[in-house]
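Structure record follows, encoded as structure tokens.
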Amino acid sequence: MPLVKVDGVEVEVPAGATVLQACEIAGKEIPRFCYHERLSIAGNCRMCLVEVKPGPPKPQASCALPAADKQEIFTNTPMVKNAREGVMEFLLINHPLDCPICDQGGECDLQDQSLAYGRGHSRYDENKRAVTEKYMGPIVKTVMTRCIQCTRCIRFAEEVAGVEEIGAIGRGEDMQITSYLEGAVTSELSGNVVDLCPVGALTSKPYAFEARPWELKKTLTIDVMDAVGTNIRLDSRGRQVLRALPVINEDVNEEWASDKTRHAVDGLVRRRLDKPYVRKDGKLVPASWDEAFVKIAAVDFEGSVAAIHGDLVDCETMFAAKALVQACGGSLLEGRQTGMDYDTSSLAAVNFNTTIAGTENADVILLVGSNVRWEAPLVNTRIRKAIKKGAKVFAIGPETELTYKVEWLGDDLALLGSLPEAVTEAFGKAARPMVIVGGGALKGGQGASLALVETLGLIKDGWNGYNVLHFSAARNGGLMLGYAQTGGIADVVAAKPKLAFFLGADEVDFAAFADTFKVYIGHHGDKGAAAADVVLPGASYAEKSGTYVNLEGRVQRGERAVFPPGDAREDWTILRALSGVMGKTLPFDTLEELRADMALDQPLLAELGLAKLEWALPKLDAKAEGVLNGYPIKDFYLTNAICRASPTMQRCSSEIVHGQDYAEAAE
Amino acid sequence: MADAPKIPDEAETRARWGDFAWTEENARKAKEVLSRYPENRKQSASIPLLDLAQRQVGADTQTQGWLPVPVIEYVARQIEVPYMRVYEVATFYTMFNMAPVGKYHVQVCGTTPCLLGGSDDVMAACKNKGLSKGHTTPDGLFTLTEVECLGACANAPMVQINDDNFEDLDYDRTTAILEALAEGKAVTPGSQTGRRDSCAIGGPTNLKEMVDDNHDYRGEWAS
């Protein structure tokens, strides 16, 4: 542990730390552009210059200099001040003075740092260099004249996203950052380069010229586009969410977010249900809340009630619906809309037990029927990290590009019972082995994959290597609340319920519910609303405070950013009001009371943080059959009602997944 | 960047070069190049293979060759490196041409020693022969590029034509070389004044005793 002196203050820094990190430990701010904690060190912007003794009598780039014992570092000497002013002046030589029309304005590193460390005026009289715009796809807008060539975007694409399509061409003054042949970057994480860019060279295309950062209300919440539970900040103005940005949470998303998380928000103001609808003569017509409630209360259901939840709902909604179904004498609860019927007797057996952050430490990974890249892009980045540390990855399933080297074993689930010797040998030697079972394999392969716990030795001291990868944000919460029938949704269909509540459920085969009175409570006019007899307009994830459980069983809570449009209400209040009309008044009047009741019903939801699930293996038939001929997600960008309503996601889908050419609008 | 070469249309390039593959001889050379590097360090072969590819394109087109995008991709596939990484290399080095060049690629050095030695005259000679910066003459013979130091400063001014240096130039000598090339006559690379390598003009001025054999100067050192 080297002991260094920063501006006369002695600090002890971890071995291998850089001078820049030592300064941060000492509480000194070091300006930087190219250095980023999560990327490799480039050392090319020179903004982090400090004076170091012993050493050559000139400023040194602190980001690339290892801290050594008895080193003296100075961050406030005239030499350092001069160096920073000089570097800043050079950086600004070719940087345009277009801050008033730049989207980065107000949150620009270059702006802030030139204010803090710059000279305040320029001595440069010559013409500035100009660079042509580069096309990078539907997410990233480029104004390359503003680029200061920090190469963060290149390093991100290569190291984190694993898609080496961004690079620097040319040399010297003519160096330019571009995507390969100016094509769209085919990464589902490309939006992160916008956050990484310290200047306004890469900005968000859908958000271009929408707002200034200081006029936005910022609300912390949880993303529902996949089961990772990305911590996000919704920036809203008035009643509209304008953008979603990731918030740092080392256990979940680090500081990344997928493009779907970021850019599906423009779907929140399109195709919304903003008033109740009632089906009359086969057509849905607008109605008042009273009419709609009376219509539902008039159904003669005699205890034959069901509730089916969709992928995006919060625990509060599911709990309120469960309470109402039970008050009506029903017990049919299900959330696996597409017909999955895996065993849920042990929650730990359908959980991502290694945890997202723990994935980094795995040394052998077997993927079973999971396209991790699409089902949980931020778990995929963790797997990439594990590989960087030397992990080996095997996979069962149809071959697909996962951004890293995978040994494909085939797509027959029977392989689970007779793994090739190379796999068993690798697992035999592994200290932290991992099996990740995706939705594709849970049907038909659950028993066999659970048998691997024993045969491959997935449980070690302080390590549980058995993981199920869900991709629905509501899944783990729903399972905790008992939204699972033994035979899956088929059981619900077989019971022929008289009345069924569909909580934002759009992927259900509604034809099977032909004789059921269908009440759709949700926020988008998608398949669920089209099939319903009564539509009650609810709130999307941005419009309610909700509890979500992510794929590793982490209970997280988000806040409300904006109000639902028109007559739409928060879902639990709808269910509470409806219960009154039906004469089955639910025992909670506020969200706090509901949460207290929910905590009694499911103690795991009482506390935020990683839920402690008891590890127990259900006894299942270990025989596996069937061939995996595809993954559950067919189109990453169009997995739920919000995405399907989002023009940005539609464009991403047609351009990146279906390879359609888009002519750029002439500007 | 006004005189930067115009990169040809991608669709056209792909149609013409899409089925690029090594000739038998070059395939052997490529294999030899790859054998110099460890199996997991194939990326190191980027530059030699790009050079080989450019020469093959040159042989195909009777010019000095260039690197069409499909050819770069062919090389990238062979060394299992993302296209972007090889493309970066190809655009970085000025020796790789990103657009077609003529039979003779005339690179005039304009850096300080050559400039002081009279590279303006060399440039004027080229210009009067119909060459212009960044362009190929209509007969497809000459492409003119102004480059930075090519490391022959002692013999300034100089030009590099294809793989050879022509040194100690002036207006007339440059014109003579260009005319000879245009007529298909043989030219002698190196100094055009008959100077050997970069020996001092007019013979040695110091260390004269060293010319014929080894001489021990130590006794003559002022103490």
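Structure above, values below:
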read-out: Least to most buried among B:C109, B:C126 (fewest other Cβ within 10 Å first); value: B:C126, B:C109
read-out: Euclidean distance between Cα centres, the stretch A:63-113 to the stretch A:524-585, Å; value: 47 Å
read-out: Using alpha-carbon coordinates, inclination of helix B:24-34 to the longest axis of chain B, degrees; value: 70 degrees
read-out: Within the stretch B:5-111, trypsin sites (Lys or Arg not before Pro) in DSSP loop having at most 12 other beta-carbon neighbours inside 10 Å; value: B:K6, B:R36
read-out: Chymotrypsin sites (Phe, Trp or Tyr not before Pro) lying in DSSP loop within the stretch A:138-227, provided at most 16 other Cβ fall within 10 Å; value: A:F209
read-out: Given A:K443/A:K619; A:K443/A:K496; A:K295/A:K584; A:K260/A:K385; A:K260/A:K405; A:K275/A:K518, the pairs whose alpha carbons are separated by over 20 Å; value: A:K443/A:K496; A:K260/A:K385; A:K260/A:K405
read-out: Relative exposure of A:W463, B:W221, judged by other C-beta atoms within 10 Å (fewest first); value: B:W221, A:W463
read-out: Rounded to the nearest 20 debye, dipole of the stretch B:104-191 from Cβ charges on Lys, Arg, Asp, Glu; value: 180 debye
read-out: Helix A:78-93 vs. chain A, principal-axis angle (Cα, 0 to 90°, nearest 10); value: 70 degrees
read-out: Longest site-free stretch - chain A; sites: trypsin sites (Lys or Arg not before Pro), DSSP loop, at most 11 other Cβ within 10 Å; value: A:124-388
read-out: Lys, Arg +1 and Asp, Glu -1 on Cβ, resulting dipole of the stretch B:10-92 about Cα centre, debye, nearest 20; value: 260 debye
read-out: Percentage relative contact order, the stretch B:10-92, counting C-alpha pairs under 8 Å, at least six apart; value: 31 percent
read-out: Estimated FRET transfer efficiency when R0 is 35 angstrom, pair B:D163-A:K405 (beta carbons, to 0.05); value: 0.30
read-out: Gyration tensor verdict on chain B (Cα atoms; rounded if a/c is under 1.5, prolate if a/b is larger than b/c, oblate otherwise); value: oblate
read-out: Listed residue (B:L34, B:L50, B:Q64) projecting farthest to the positive dipole end of the stretch B:10-92, Cβ model; value: B:L34
read-out: Order of A:L452, A:L613 under a 10 Å beta carbon neighbour criterion, fewest first; value: A:L613, A:L452
read-out: Helix B:46-61 vs. chain B, principal-axis angle (Cα, 0 to 90°, nearest 10); value: 80 degrees
read-out: Helix-only mean residue ellipticity at 222 nm for the protein assembly as shown, each DSSP H run of n ≥ 4 adding -39500 (n - 2.57), per residue, nearest 500; value: -7500 deg cm²/dmol
read-out: Charge dipole magnitude, Cβ of K and R +1, D and E -1 - the protein assembly as shown, Cα centre, debye nearest 20; value: 1160 debye
read-out: Stokes-Einstein translational diffusion, the stretch B:104-191 - Kirkwood Rh over all Cα pairs, 1.306 mPa s, 10 °C, in µm²/s; value: 127 µm²/s
read-out: Span from the the stretch B:79-157 Cα centroid across to the the stretch A:374-441 one, whole angstrom; value: 51 Å
read-out: The stretch A:111-171: GluC sites (Glu not before Pro) in DSSP loop, at most 15 other beta carbons within 10 Å; value: A:E126, A:E133
read-out: For the protein assembly as shown, share of DSSP beta bridges that run antiparallel, in % to the nearest 5; value: 55 percent
read-out: Dipole of chain B [Lys/Arg +1, Asp/Glu -1 at C-beta], most positive-end residue of B:H215, B:I161, B:A76; value: B:A76
read-out: Distance between the stretch A:202-255 and the stretch A:24-42 - C-alpha centres, whole angstrom; value: 24 Å
read-out: Near-label residues of the stretch A:304-333 by backbone N, under 14 Å of a point 7 Å along Cα→Cβ of A:D597; value: A:316-329
read-out: D (Stokes-Einstein, µm²/s), Kirkwood Cα radius, chain A, 1.306 mPa s at 10 °C; value: 59 µm²/s
read-out: Over the stretch B:10-92: Rg over Rh, Cα atoms, Kirkwood Rh; value: 0.95
read-out: Count of Lys pairs (Cα-Cα under 18 Å; at least 8 positions apart or interchain) in the stretch B:73-223; value: 5
read-out: Sequence-separation-based contact order of the stretch B:104-191, relative, with Cα cut under 8 Å and 6+ spacing, percent; value: 34 percent
read-out: Extension gain, B:D120 back to B:E10 (0.36 nm per residue minus Cα-Cα distance, nm); value: 36.0 nm
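Readers should treat all values here as calculations from the given coordinates under stated rules, not as data from a laboratory. Everything numeric here is computed off the predicted structure, so don't read it as measured data. Cβ: placed from backbone, ideal geometry, glycine included. Neighbour counts: every protein chain shown.
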